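S.K.: Below is one structure. I have some questions about it.
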Amino acid sequence: MKKYPCIQFIFILLLMIFTLPGMAQTKITIHADQPGAKIDKAIYGHFAEHLGHCIYGGIYVGEKSDIPNIKGFRSDVVSALKDLSVPLIRWPGGCFADTYHWKDGIGPKSERPSIVNVHWGGVTEDNSFGTHEFLDFCELIGCDAYINLNVGSGSVREASEWVEYVTSSNESPMTKLRKQNGRDKPWNVKYWAVGNETWGCGGNMRPEYYADIYRNYSSFMRAPGMYKIASGANVEDYKWTEVLMREAGRMMNGISLHYYTVPFDWQRKGSATNFDEVVWFSTLLKTLKMEELVTKHSAIMDQFDPKKKVGLLVDEWGCWYDVEPGTNPGFLYQQSSMRDALVAGINLNIFNNHADRVRMSNIAQMINVLQSVILTKDKEMVLTPTYYVFKMYKEHQDATMLPVEIKCDKYTLGAQSVDAVNCSASVKNGVVSITLCNLDPNKSQDVSFELTGMKLNKVSGKVVTAEKINSYNDFGKKEEVSIADFKGVKIAGGKVTAQLPSKSVVLIQLQ
Ligand code: AHR
């Protein structure tokens, strides 16, 4: 080598270039000069069904419980949800909604009939949590309410009377009943859905038939400022969206879409915490399908509603695994790990990026069911990795979406590859918030940012990451996953660079 000093120099130079710390593999351009749609805070919505211990034990323990509570609502849960700035909660289901008769859940608790929860474990539902309890709970945590009406086993009259009971300030039999039950003022409930999964547990209907049912119900749902929601497609049932938009699009404000992430398929859901990198990869790949679904359903909606008046509402999403060993299979109780944090971060980025059409999403479900933000066991409460992602992402609520261009490395496993980094950005009160997911569990990602149309002075960040892909928070143990300050972001000469840790969800704020 000594004979060829020039070759030696070139070799050292190349080595330096390829190993230089901070050398960006990912380039992100944020177009602050081309602001997009408002990111409706409802994209950060939740779903609470009468299923397992979501309502009973999770939200509601009753006033006589020795678990600290405010009028029967768990105090620890109330304060954790307030911290999350929960914008809205969908209730009472899910499949449960189409078996629910709201009059069973009003009046003195001792007189409320008990029913069998036929979908979820066949357990007794004593109706002690009904309309008043749900709406009082929403008032307590300061969020909007979203009520899902019963179409499958209900009637137009039952639905229209529920709307009247809740929202009317007139003199009527329903408002008289409400006052007798202790509530003078109407509640301000904006969001109302006509049935749930009407293609499945909500009645096994065809889209043409349901479109007419929707038109019928919607004609008798009258309240000022109401946001009417049609029961939308399952996954990639594009025909459903097409028929509904064609036949009833002008009578709705929103149409739903349901898509759950299962690691492989419904027969191979696997454990929430015991999995390897193959399963990690597959879960994230399945999550990224949300981008395709939202894009394709939106394109169909564009044909019938080019002005984008009707919202696409992903009112059920999240990971669905095998239930925790030893728990009731009908209760859908599962743990939540670092993998779920990535799933939440990716989905929320997708929704932010499609804020012109996606106006709401509801993670399934808020407490103790599927991809929950909170788990409870008697007096104990655990905040899951998903909780911390929602907490970081709340900066996007009602902010203005900023278009993002991303050039990044691939995360490859075997013969399959995905983009290693997933991202969205928004601006609110002069602060740009960028949320990034590094899907690669083995490699950090060096990122350089370019921000068009804005001068930068200050950066800060937060991160959710963990030691292992399946790290999780458990009862009675120190938290393994939470939010930490992110030290890996720098600003120098107006240029921002960051190093995203492997398997991380990161918030960077610029101003
Ligand atoms: O979230 C659990 C169930 O999944 C809901 O009740 C139903 O709508 C969906 O199939």
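The values are calculated or read from the model by the stated rules, or taken from the named source; none is laboratory data. All values derive from a computational prediction rather than experimental measurement. Every residue, glycine as well, gets a Cβ built from its backbone with ideal geometry; the counts of neighbours run over all protein chains shown. Each accessible area value is taken on the protein alone, full model and side chains, heavy atoms only, with ligands, DNA and RNA left out. Shrake-Rupley method; radii C 1.70, N 1.55, O 1.52, S 1.80 Å.
S.K.: Output the residues belonging to the stretch 384-397 that are over 21 Å from THR287 (Cβ atoms) and either of a type in the set (A, V, I, L, M) or touching a helix residue (DSSP H, G or I) at 6+ places or on another chain (Cβ under 8 Å) (or both). Reasoning before the result, please.
M.R.: Of all residues in the stretch 384-397, those over 21 Å from THR287 (Cβ atoms) come to 395, 397.
Passing the criteria: only GLN397.
S.K.: Let me ask something else. Taking VAL343, is it within 16 Å of the ligand (Cβ to nearest atom), assigned to a loop (DSSP other than H, G, I, E, B) and in contact with a helix residue (DSSP H, G or I) (Cβ under 8 Å, 6 or more places away or on another chain)? Walk me through it before giving the result.
M.R.: Values: within 16 Å of the ligand (Cβ to nearest atom): yes; assigned to a loop (DSSP other than H, G, I, E, B): no; in contact with a helix residue (DSSP H, G or I) (Cβ under 8 Å, 6 or more places away or on another chain): yes.
No; evaluated as a whole, the condition is false for this residue.
S.K.: Please count how many residues of the stretch 385-401 are surrounded by fewer than 24 Cβ atoms within 10 Å (Cβ to Cβ) and within 16 Å of the ligand (Cβ to nearest atom).
M.R.: Number satisfying all stated conditions: 0.
S.K.: Continuing with this model, one more query. Are any of the residues in the stretch 301-309 of a type in the set (A, V, I, L, M, F, W, C), open to solvent by less than 10 Å² (accessible area, probe 1.4 Å), over 21 Å from the mean Cα position of the chain (by Cα) and within 27 Å of VAL243 (Cα to Cα)?
M.R.: Checked against the condition, which is being of a type in the set (A, V, I, L, M, F, W, C), open to solvent by less than 10 Å² (accessible area, probe 1.4 Å), over 21 Å from the mean Cα position of the chain (by Cα) and within 27 Å of VAL243 (Cα to Cα), the stretch 301-309 yields at least one hit.
S.K.: Just for the stretch 106-121: of the residues that are of a type in the set (S, T, N, Q) and open to solvent by 60 Å² or more (accessible area, probe 1.4 Å), which one is farthest from LEU51 (Cα to Cα)? I'd like the intermediate steps shown before the answer.
M.R.: Pass one, the stretch 106-121, residues of a type in the set (S, T, N, Q): 110, 114, 117.
Still in the list and also open to solvent by 60 Å² or more (accessible area, probe 1.4 Å): 110, 114.
Working: SER110: 22, SER114: 15 Å.
Selected residue: SER110.
Yes/no matrix, rows are residues, columns are (1) crowded, with 16+ Cβ neighbours inside 10 Å; (2) within 16 Å of the ligand (Cβ to nearest atom); (3) modelled with pLDDT of 95 or more; (4) outside the structural domain of SER444 (by TED's automatic domain parsing):
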site: ALA48; (1), (2), (3), (4): yes, yes, yes, yes
site: GLY57; (1), (2), (3), (4): yes, no, yes, yes
site: SER65; (1), (2), (3), (4): no, no, yes, yes
site: ILE70; (1), (2), (3), (4): no, no, yes, yes
site: LEU84; (1), (2), (3), (4): yes, no, yes, yes
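S.K.: Condition first: within 16 Å of the ligand (Cβ to nearest atom), modelled with pLDDT of 95 or more and surrounded by fewer than 22 Cβ atoms within 10 Å (Cβ to Cβ). Can you find one or more residues in the stretch 86-105 that meet it? Even if it seems obvious, please write down each step before you answer.
M.R.: Step one: filter the stretch 86-105 for residues within 16 Å of the ligand (Cβ to nearest atom), giving 89-100.
Now restrict to residues that are modelled with pLDDT of 95 or more: 89-100.
Those still in the list that are surrounded by fewer than 22 Cβ atoms within 10 Å (Cβ to Cβ) too: 95.
There is at least one residue in the stretch 86-105 that is within 16 Å of the ligand (Cβ to nearest atom), modelled with pLDDT of 95 or more and surrounded by fewer than 22 Cβ atoms within 10 Å (Cβ to Cβ).
S.K.: Tell me yes or no: at least one residue of the stretch 354-377 is part of a helix (DSSP H, G or I), open to solvent by 10 Å² or more (accessible area, probe 1.4 Å) and touching a Leu at 6+ places or on another chain (Cβ under 7 Å). It would help to see each step written out before you state the result.
M.R.: The initial filter retains those residues of the stretch 354-377 that are part of a helix (DSSP H, G or I), namely none.
No; the residues of the stretch 354-377 include none that is part of a helix (DSSP H, G or I), open to solvent by 10 Å² or more (accessible area, probe 1.4 Å) and touching a Leu at 6+ places or on another chain (Cβ under 7 Å).
S.K.: Moving on to the next point. Of the residues that sit in the stretch 412-427 and are of a type outside the set (A, V, I, L, M, F, W, C) and out of contact with any Ser or Thr (no Cβ under 7 Å at 6 or more places or on another chain), which one is least open to solvent (accessible area, probe 1.4 Å)? Can you show your working first?
M.R.: Start the filter on the stretch 412-427 by keeping residues that are of a type outside the set (A, V, I, L, M, F, W, C), which leaves 412, 414, 416-417, 419, 422, 424, 426.
With the extra rule that they be out of contact with any Ser or Thr (no Cβ under 7 Å at 6 or more places or on another chain), the set shrinks to 412, 414, 416-417, 419, 422.
Details: THR412: 74, GLY414: 73, GLN416: 93, SER417: 60, ASP419: 66, ASN422: 26 Å².
Checking each candidate, the answer is ASN422.
S.K.: Here's another thing I want to ask about it. For the stretch 318-337: of the residues being buried (at least 24 other Cβ atoms within 10 Å of the Cβ) and away from the ligand (no atom under 14 Å from the Cβ), which is nearest to VAL421 (Cα to Cα)?
M.R.: Result: SER337.
S.K.: Looking only at residues that are under 15 Å from THR295 (Cα atoms) and in a helix (DSSP H, G or I) in the stretch 241-268, which one is most open to solvent (accessible area, probe 1.4 Å)?
M.R.: GLU242
S.K.: Filter the stretch 106-119 for residues that are among the β-branched types (Val, Ile, Thr) and touching a Gly at 6+ places or on another chain (Cβ under 8 Å); which is nearest to the ligand (Cβ to nearest atom)? Step through it out loud before you land on a result.
M.R.: Let us first name the residues in the stretch 106-119 that are among the β-branched types (Val, Ile, Thr), namely 106, 115-116, 118.
If we keep only those that are touching a Gly at 6+ places or on another chain (Cβ under 8 Å) as well, we get 106, 116.
Numbers: ILE106: 22, VAL116: 16 Å.
Checking each candidate, the answer is VAL116.
S.K.: For the list (1) closer than 21 Å to GLY232 by Cβ; (2) open to solvent by 20 Å² or more (accessible area, probe 1.4 Å), I need the number of the one condition that LEU312 fails.
M.R.: Condition (2) is where LEU312 drops out.
S.K.: Looking at the structure I just gave you, is GLY453 open to solvent by 50 Å² or more (accessible area, probe 1.4 Å) and either under 25 Å from the mean Cα position of the chain (by Cα) or farther than 22 Å from CYS319 by Cα (or both)?
M.R.: It is true that GLY453 is open to solvent by 50 Å² or more (accessible area, probe 1.4 Å) and either under 25 Å from the mean Cα position of the chain (by Cα) or farther than 22 Å from CYS319 by Cα (or both).
S.K.: Kindly list, by first and then second residue, each pair from a residue in the stretch 96-108 that is within 16 Å of CYS201 (Cα to Cα) to a residue that is away from the ligand (no atom under 11 Å from the Cβ) and β-branched (Val, Ile, Thr), limited to pairs with Cβ atoms under 7 Å and residues at least 6 apart or on different chains.
M.R.: These pairs meet every condition: ASP98/VAL151; THR99/VAL118.
S.K.: All but one of (1) touching a residue at least 60 places away in the same chain (Cβ under 8 Å); (2) within 16 Å of the ligand (Cβ to nearest atom) hold for TRP240; state the number of the condition that does not hold.
M.R.: (1)
S.K.: Taking the residues in the stretch 184-196 that are open to solvent by less than 30 Å² (accessible area, probe 1.4 Å) and over 18 Å from CYS143 (Cβ atoms) as candidates, determine which candidate is nearest to the ligand (Cβ to nearest atom). Break it down stepwise before answering.
M.R.: Within the stretch 184-196, the subset open to solvent by less than 30 Å² (accessible area, probe 1.4 Å) is 187, 189, 191-196.
If we keep only those that are over 18 Å from CYS143 (Cβ atoms) as well, we get 194-196.
Working: VAL194: 14, GLY195: 10, ASN196: 5 Å.
The qualifying residue nearest to the ligand (Cβ to nearest atom) is ASN196.
S.K.: Quick check: is even one residue across the stretch 203-216 away from the ligand (no atom under 16 Å from the Cβ), small (Gly, Ala, Ser), open to solvent by 60 Å² or more (accessible area, probe 1.4 Å) and within 27 Å of the chain's Cα centre (by Cα)? Break it down into steps so the answer makes sense when it comes.
M.R.: We begin by selecting, within the stretch 203-216, every residue away from the ligand (no atom under 16 Å from the Cβ); these are 206-209, 211-216.
If we keep only those that are small (Gly, Ala, Ser) as well, we get 211.
In the following step, the residues that additionally are open to solvent by 60 Å² or more (accessible area, probe 1.4 Å) were identified as none.
Checked against the condition, which is being away from the ligand (no atom under 16 Å from the Cβ), small (Gly, Ala, Ser), open to solvent by 60 Å² or more (accessible area, probe 1.4 Å) and within 27 Å of the chain's Cα centre (by Cα), the stretch 203-216 yields no hits at all.
S.K.: Which numbered condition in (1) open to solvent by 10 Å² or more (accessible area, probe 1.4 Å); (2) on the phi < 0 side of the Ramachandran plot is the only one that GLY430 fails?
M.R.: Among (1) open to solvent by 10 Å² or more (accessible area, probe 1.4 Å); (2) on the phi < 0 side of the Ramachandran plot, the lone unmet condition for GLY430 is (2).
S.K.: Would you say TYR227 is surrounded by fewer than 15 Cβ atoms within 10 Å (Cβ to Cβ) and away from the ligand (no atom under 16 Å from the Cβ)?
M.R.: no
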